[in-house]
Structure formats: structure tokens, C-alpha cells
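These notes are about the structure you will find just below.
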């Protein structure tokens, strides 16, 4: 007997289903896990990958007209997902727009391939840290349980 059926007793199947969805939703809130959807590039196509987890880290760096965003997610099944996006940072080009306008020899801009989105899965935090630059690896604690995406306050 499901938890929803125990509370529902003699209610209709639709009410039991609604109650089951509500209970699952509340348990999800307590655990902090939620459905994560990531867009991943593969052979010129975009694929959406979905899993249950929570984001514990996000950083964004700008360099040479590119933005590099790194996100880390522990999953419900105790793996770790590293999600990286690299794309043209048009705001950096806009910052130099005046310079481009003043010198016609700079009017040509090479438009590079845009978004690179990749996702990697690691079995342990140590495996993940070995793939990260030192500055990011040091920010990720050895005990991921200290990261909470939901803090429930009883106030």
C-alpha cells in the first residue's frame, strides 16, 4: 500500500494520484533534489539530459571573447555531474564597439562557432576534482553534504 493510499482511505483514484504527486513533491523539497535539465551539444545537435540532483557550484569566467560557465551537481544516485558551457560573449564585443566604429579596418568580426555544451559524470568527488582546475577544485569541499539547495526554516 502506498503512502498516498494509506492517507486517502476510500477516496477516488484521481484523488489518490493527486495526493501521491503532492507527497512526492514534498519529499523532493525536503531532500533538495529536483529535476535538472541540461542542454548538451553532440555532433552539431542539441540533446537535453535530465536527472535528479541539486546544483552545488557555479562559476563564470570571461576570456578572449568567450564565456566559460562551470556547474557541478551531485545526483540522487551519488554521482557527480560536471556541466560546462563555452560560448561567444557578445557583451565583450559590445564593449569594443566604439573602437570598431572609429577604425574601419576593424569592421570585420569573425563569428566563431557558438555554444559548446558538455556534460561529464563522475563516480566520486575525488574523480571530479582531478578534472577541475585547481582554483575550482579548492572551492569544492570534500564533504558535499554541507551544500544545501533548500534550507527549510521553521520560523
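We did not get these values from a lab; they are worked out from the coordinates using the rules stated. Fair warning: this is a prediction, and the values are worked out from it, not measured in the lab. All Cβ positions, even for glycine, are placed from backbone atoms using ideal geometry, and neighbour counts span all protein chains on display.
Treat the count of other C-beta atoms within 10 Å as a stand-in for reagent exposure and order 14, 61, 89 from fewest to most.
Going from sparsest to densest Cβ surroundings: 14, 61, 89.
So between residue 75 and residue 154, what do we pick up on full extension, going 0.36 nm a residue minus the alpha carbon distance?
Between residue 75 and residue 154, full extension yields 25.8 nm more.
Relative to the present Cα-Cα distance, how much length would full extension add between residue 130 and residue 12 at 0.36 nm per residue of separation?
Gain on extension, residue 130 to residue 12, equals 37.2 nm.
Taking neighbour Cβ counts within 10 Å as the exposure measure, how do 116, 136 sort from fewest upward?
Fewest-to-most ranking of 116, 136: 116, 136.
Relative to the present Cα-Cα distance, how much length would full extension add between residue 118 and residue 90 at 0.36 nm per residue of separation?
Details: separation 28, 0.36 × 28 = 10.08 nm, distance 2.06 nm.
Difference between extended and current length: 8.0 nm.
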